[in-house]
Each structure stands twice: as C-alpha cells, then as structure tokens.
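Worksheet for the structure shown next.
Quick note: the coordinates plus some simple rules give every number you see, no bench work behind them. All figures in this text were calculated on a predicted structure; none of them were measured in a lab. Reconstructed Cβ throughout: ideal geometry from the backbone, glycine too, with neighbour counts over all protein chains shown.
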Amino acid sequence: MTGLTVRAAELADLEAMLALYDHLHPPNPRPTNPEATWRATLGHPGLTVFVGVVPSGGLAASCTLVVIPHLMRSGVPYALIEDVVTHSDHRQRGYGGVVLRTAIDAAWRAGCYKVMLMTGSKDPAIHRFYAGAGFQQNKTGYQIRRSLS
C-alpha cells in the first residue's frame, strides 16, 4: 500500500475515471457527453469522488461520497457511498480500503450520523471487505430502476 495518495477527483481525471469504471461494470457504457456529466458530478453540492493515486500517477481505486442534509435527527446529515471500485491490476493491496476509509472519515467530519452503501455483489469477499471497513449488514435495501432501453 506504500505510496498511495488519496484526494478528491479533478476535471483532469475524466479519462482515467472512465477507464477505472470499466473495472467495476465491464463494459461501462459511456455517457453521451462525458465531460458535461463529469463537470456536473464534481460540481454537485455535497458530492466528492475520492481517488487513490499510485506513484506512477494512475488511479488505483475510487468511491463516491454524497453528504445529504436531513431534517430528521436534529438536522444532522447522513451520507451515501457509491461506485466503490479498484482497478483489477491493483486489487488485494488495500487500496480500496484506504479510499473507502477516507470517504467515511470525510462523512464523519461533515457531521453525518451514518454512512450507507449498497452492493449488488453476491461475492462473499466483497461482503467481507465492507464488514472489515466497519459496515454492518442490518437493513433491508430496495431499489427501483427505470428501463434505459
């Protein structure tokens, strides 16, 4: 894990992020206008994409944190984590865990009372990864998706 630097993603990371996302859901269909989408993502209030950069300058891992204002619990915000991905060439080195912990720490610094994530993975190793990061599987998740075809 030596040499990994974690930082907020920047506009210049667009191509590297698109390539990294191919390691989460290959093949990852590209947005019609990726630059506009990336600008909107990075400019969205409360949203940070954290990236783990190896000494060669490549992106090894990333995740997206969204801090959400909340009228419940005395107005204390909560956070969601999405798109946790590690480049296949950099797996099993702890990079994903470092990036994930950085996002969790940012949520705590923002005053969040909880951090949530969902995974569609059935892989027990992925579930152990999240449990090792402190997440508990104690809720029932639901989703509804719109057909994109």
Take the Cβ-Cβ distance between residue 105 and residue 35 as r, set R0 to 25 Å, and report the resulting FRET efficiency rounded to the nearest 0.05. 0.25
Can you give the charge dipole size of the chain about its Cα centre, rounded to the nearest 20 debye, using +1 on the beta carbon of Lys and Arg and -1 on the beta carbon of Asp and Glu? 560 debye
Pick out which of 37, 48, 102 has the largest mean-square fluctuation in a Gaussian network model of the chain, springs linking Cα atoms closer than 10 Å. 37
May I ask you to compute the full-extension gain from residue 143 to residue 24, defined as 0.36 nm times their residue separation minus their alpha-carbon distance, rounded to one decimal in nm? 40.9 nm
The exposure ranking of 17, 118, fewest beta-carbon neighbours within 10 Å first, is 118, 17
For segment 1-95, listing GluC sites (Glu not before Pro) in a DSSP loop whose Cβ sees at most 14 other Cβ atoms within 10 Å gives 10
Find how many whole Å separate the alpha carbon centroid of segment 66-124 from the alpha carbon centroid of segment 3-29. 16 Å
Counted neighbours (other Cβ, 10 Å), sorted fewest up, put 100, 11 in the order 11, 100
Within the set 123, 105, 13, GNM on the chain using Cα springs under 10 Å gives the largest fluctuation to 123
Considering Cα pairs under 8 angstrom that are at least six residues apart, work out the relative contact order of the chain and quote it in whole percent. 21 percent
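Mind sorting 68, 104 by how few other Cβ atoms lie within 10 Å of their own Cβ, fewest first?
In increasing order of surrounding Cβ atoms, one gets 68, 104.
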